[in-house]
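S.K.: Pasting in a structure now, in structure tokens, and then I'll have a few things to ask.
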Amino acid sequence: MSIGLHPIETTTLIHHVEMLIGVPYRYVKEFIHSLLRQDKVVYEPFYIHLRYLECEAVMSLDSKVYPNFYKSGFTIQEESLGREKVYLFSLSEFYSAIVNLFTNDLYACITSELSIKPYQK
């Protein structure tokens, strides 16, 4: 469910799929952070999935991702709620549609293939 914004602007599941599929413009960064465990400060590694900034990748879910979702026969319900709208759709349907899309196009959610590719050596 998305309240007030269309799912094109709020569907973060796309980042999970990018990680699972292994898109080349993202990487996993490790950082060490302090935390309190049983009254002791310890330092542990944490991980985050990031986009290479120098790629200047521009995300756009409305050019391929959502058209593919609709083409797969899935829908988004839209209802008014006061001055805003509420959107409801199946994340499992969305997931299956975009995994299929990314399997055929690693750059499905960015506007164009990247000219700067720091992941190439």
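S.K.: Grab the other residues whose beta carbon is less than 13 angstrom from that of residue 77, score K and R as +1, D and E as -1, and report the net.
M.R.: Once positives and negatives cancel, what remains is -2.
S.K.: Please list the non-local residues whose amide H lies under 5 Å from the amide H of residue 85, H modeled 1.01 Å from N, same-chain partners needing a gap of 5 or more.
M.R.: 4
S.K.: Still on this structure: Residue 9 label point, 7 Å along Cα→Cβ, cut-off 13 Å on backbone N: hits in the stretch 55-88?
M.R.: Taking a point 7 Å out along Cα→Cβ of residue 9, the residues of the stretch 55-88 whose backbone N falls under 13 Å are 84-87.
S.K.: Would you kindly calculate the mean projected area, averaged across all directions, of the convex hull enclosing the Cα atoms of the stretch 46-117, in square nanometres?
M.R.: 7.4
S.K.: What is the set of long-range amide H partners of residue 110 at a cut-off below 5 Å, with H atoms built 1.01 Å from backbone N?
M.R.: Placed amide hydrogens put 60 under 5 Å from residue 110.
S.K.: Hey, in the GNM for the chain with a 10 angstrom Cα cutoff, which one of 21, 32, 110 fluctuates hardest?
M.R.: Among 21, 32, 110, the largest GNM mean-square fluctuation belongs to 32.
S.K.: Note the angle between two axes, namely the Cα long axis of helix 91-104 and the longest principal axis of the Cα atoms of the chain, as a number of degrees from 0 to 90, rounded to the nearest 10.
M.R.: Taking Cα atoms only, the helix is inclined about 80 degrees.
S.K.: Go ahead and estimate [θ] at 222 nm for the chain from helices alone: -39,500 (n - 2.57) per DSSP H run with n ≥ 4, summed, over the residue count, rounded to 500.
M.R.: -7500 deg cm²/dmol
S.K.: If you look for lysine pairs in the chain that are eight or more places apart or on different chains, how many of them have Cα atoms under 24 Å apart?
M.R.: Taking the Cα cut-off of 24 Å, the pair count is 5.
S.K.: In sequence order, what are the phi-derived ³J(HN,Hα) couplings for the stretch 44-58 according to the Karplus relation 6.51 cos²θ - 1.76 cosθ + 1.60 with θ = phi - 60°, rounded to whole Hz, with x for glycine and proline?
M.R.: 9, x, 10, 10, 9, 8, 10, 9, 4, 5, 5, 5, 6, 5, 10
S.K.: Could you state the orientation-averaged shadow area of the convex hull built on the Cα atoms of the chain, in nm² to one decimal?
M.R.: Averaging across all directions leaves 11.1 nm² for the Cα convex hull.
Rule-based calculations on the coordinates, nothing more; no lab input. What you see is a predicted model, and the numbers here were worked out from it, not measured in a lab. Neighbour counts run over all protein chains shown; Cβ positions are idealised from the backbone, glycine included.
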